[in-house]
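To start, the structure under review is shown below, and the notes come after it.
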Amino acid sequence: MPQENPFQDPLRFERRVPECAVVIFGANGDLTKRKLMPALYRLAYDRRLSAGFAVVGISRSPMTDEQFREKMLESVKKFSEDTEIQDDVWRAFAGGLYYVAGDIADPALYQNLATKLKQVESERQTGGNVLFYLSTQPSQYAPAALGLGSAGLGKGAGWRRLVVEKPFGHDLESARELSDKLHEVFAEAEVYRIDHYLGKETVQNILAFRFGNGIFEPLWNRRYINHVQITAAESIGVEGRGAYYQEAGALADMIQNHLLQVMATIAMEPSSSFNANAVRDERSKLLRSIRLMKPDEIRQNAIPGQYGPARIGGKDLPGFRQEEGVDPQSQTDTYAAVTFYVENWRWARVPFYVRTGKHLPKRVTEITIQFNPAPLAIFDGECPDSSPDLLLVRIQPEEGISLKFLSKRPGSGMKLRPVSMDFNYGSSFGERSPSAYETLLLDAIVGDPTLYTRQDMVEASWRVVEPIQTVWRETKYDFPNYDAGTWGPAAADEMLARNGHAWRKP
Ligand code: BG6
């Protein structure tokens, strides 16, 4: 039996969860129903929240507190895939749900909210702490923050924090302007820009994998790594979000935020501690080291795609231009593949291939790290190039890490075959992984911004993406250029083939 260390505080890794009220702008929206409320309920179910906890929902539709509770119960039932609704837990949780109806542009909303927060504070003992969550149309982020400021709600007896959903701006300038507006009321340290990919268990595990172990770091550079692929494929189309998506496109919707953050986590330098700003400084530095491409390079290294109609499994799928709310001549990208280069000593000349798309053959997000081949092929008839050593980090749907390498086949002679060493989250830990929103909401309540993006990180990503957007907007593409249900346009395969590489088939 190991001796217990009397100097070690057994609770030092436990974070105290403070009392607080979470105010959700956009409480009638999809995100609240699908993600936020199920996540908050799950935290209550796991007894992770303080007893002094409440939620105040805000949206335009008139509703009483009681009607809001019933509505949220329906959503939690529908969208909490793996959590049972326990009567006593739900009753205690629902007792802390309140609602205020109003228009974000109307100063009266903030007066009503102030009154409601006083009531909530005395009924639920939330300690004067308030987490505001902006889950509205992006055009309402600044007006909501300024409205809170004018009503004096940006300050109070306890702490104040502001969580802002994506998209954070639509280019560098608008992202800067938005930060400036938010800073009129909230200090940068109080602004939590959410990127739900950073809350995914396996994305966090990249940090543990790289910096909790000593064996990978010596290999983690251009001498041993040939290239990196990051794929986030979705089998669904735009699912009723045609109007939003038409303005955003795949590059801004997925790469500017989620995938560049994932890439930064793979490629960043080790931070000297696991302090929020130390980790974010390294991520930010990496994003600032990504090469900004000139228009000629962009045409070679950034490939847009748009899905066209297809018949799959006896079902006719519409093309993007036929989706509701979408311009029949739309030039929006529903697929994007980009080759990024990081200009530092660790990664010089190592391509990072990043791709994402709607209506691809399956839903899978994974990172492939391909190592250099053995310098000399000494085994007859085996070409190490055709089955390179790979490290696969699977983010979803199954979460895990695999190392693929060559092994001798049993029997006489030296015949080699690729094999795989697998770590699987589910079977190794035998417990459920929290959803990204559970992790991130709890972090915001506790005041830990490690997995949230800072102003400098958001701006660095826009600086990388904006020139690509400009070239894509100025070019008339012959869309659609891939059929729904296929792996995207041929040009994306050609982009890798020019470097002697190919996308790994997930
Ligand atoms: C969102 C995008 O941020 O991420 C969606 O706006 C996308 O278009 C979604 O479908 C993907 O998230 P996940 O967690 O399902 O991979």
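The values are calculated or read from the model by the stated rules, or taken from the named source; none is laboratory data. Predicted model, so just to flag it, every value in this text is computed and none were measured. Note that we place each Cβ from the backbone using ideal geometry, even for glycine, and neighbour counts take in every protein chain shown. Please note that ligands, DNA and RNA were not included when accessible areas were found on the heavy atoms of the full protein model with its side chains. Shrake-Rupley method; radii C 1.70, N 1.55, O 1.52, S 1.80 Å.
Brief remarks on what is shown
- All positions within segment 292-337 that are under 22 Å from R355 (Cα atoms), assigned to a strand (DSSP E or B) and open to solvent by 70 Å² or more (accessible area, probe 1.4 Å): none
- Test result for T265, under 17 Å from the mean Cα position of the chain (by Cα) and farther than 26 Å from R498 by Cα: yes
- Residue within segment 233-241 that is surrounded by 19 or more Cβ atoms within 10 Å (Cβ to Cβ), hydrophobic (A, V, I, L, M, F, W, C), under 15 Å from Y197 (Cβ atoms) and modelled with pLDDT of 95 or more present: yes
- Comparison of M72, M63 shows that the only residue that is in a helix (DSSP H, G or I) and open to solvent by less than 60 Å² (accessible area, probe 1.4 Å) is M72.
- L148 being within 16 Å of the ligand (Cβ to nearest atom) and open to solvent by less than 20 Å² (accessible area, probe 1.4 Å): no
- Of all residues in segment 254-276, those satisfying the criterion of being closer than 18 Å to G199 by Cβ and out of contact with any helix residue (DSSP H, G or I) (no Cβ under 7 Å at 6 or more places or on another chain) are M254, L259, M263, F274, A276.
- Residue count for segment 364-380 satisfying the condition of being open to solvent by 40 Å² or more (accessible area, probe 1.4 Å) and acidic (D, E): 1.
- In segment 433-472, the residues that are more than 17 Å from S174 (Cβ to Cβ), small (G, A, S) and either crowded, with 21+ Cβ neighbours inside 10 Å or at pLDDT 95 or above (or both): S435, A436, A444, G447
- Counted residues, segment 224-240 - those being more than 16 Å from the chain's Cα centre (by Cα) and in contact (Cβ under 8 Å) with a residue 60 or more places away in the chain: 11
- Among the residues examined, G500 does not qualify as of a type in the set (G, A, S) and at pLDDT below 95.
- In segment 188-201 there is at least one residue matching the filter, namely being part of a helix (DSSP H, G or I) and modelled with pLDDT under 95.
- Evaluation of K362 against (1) charged (D, E, K, R); (2) at positive phi; (3) under 19 Å from the mean Cα position of the chain (by Cα) (one fails), failing number: (2)
- From the list L391, L406, L376, the one residue that fits, being more than 16 Å from the ligand (Cβ to nearest atom), at pLDDT 90 or above and either more than 30 Å from D253 (Cα to Cα) or β-branched (V, I, T) (or both), is L406.
- M254, sole failed condition from (1) surrounded by fewer than 16 Cβ atoms within 10 Å (Cβ to Cβ); (2) within 15 Å of the ligand (Cβ to nearest atom): (1)
- Test result for L207, touching a residue at least 24 places away in the same chain (Cβ under 8 Å), within 12 Å of the ligand (Cβ to nearest atom), part of a helix (DSSP H, G or I) and out of contact with any Pro (no Cβ under 7 Å at 6 or more places or on another chain): no
- Number of positions in segment 75-107 that are hydroxyl-bearing (S, T, Y) and open to solvent by 30 Å² or more (accessible area, probe 1.4 Å): 0
- Residue list for segment 17-28, restricted to those being in a loop (DSSP other than H, G, I, E, B) and closer than 21 Å to L153 by Cβ: P18, E19, G26, A27, N28
- Positions within segment 226-250 being closer than 19 Å to F168 by Cβ and within 11 Å of the ligand (Cβ to nearest atom), in sequence order: A232, R241, Y244, Y245, A248, G249, A250
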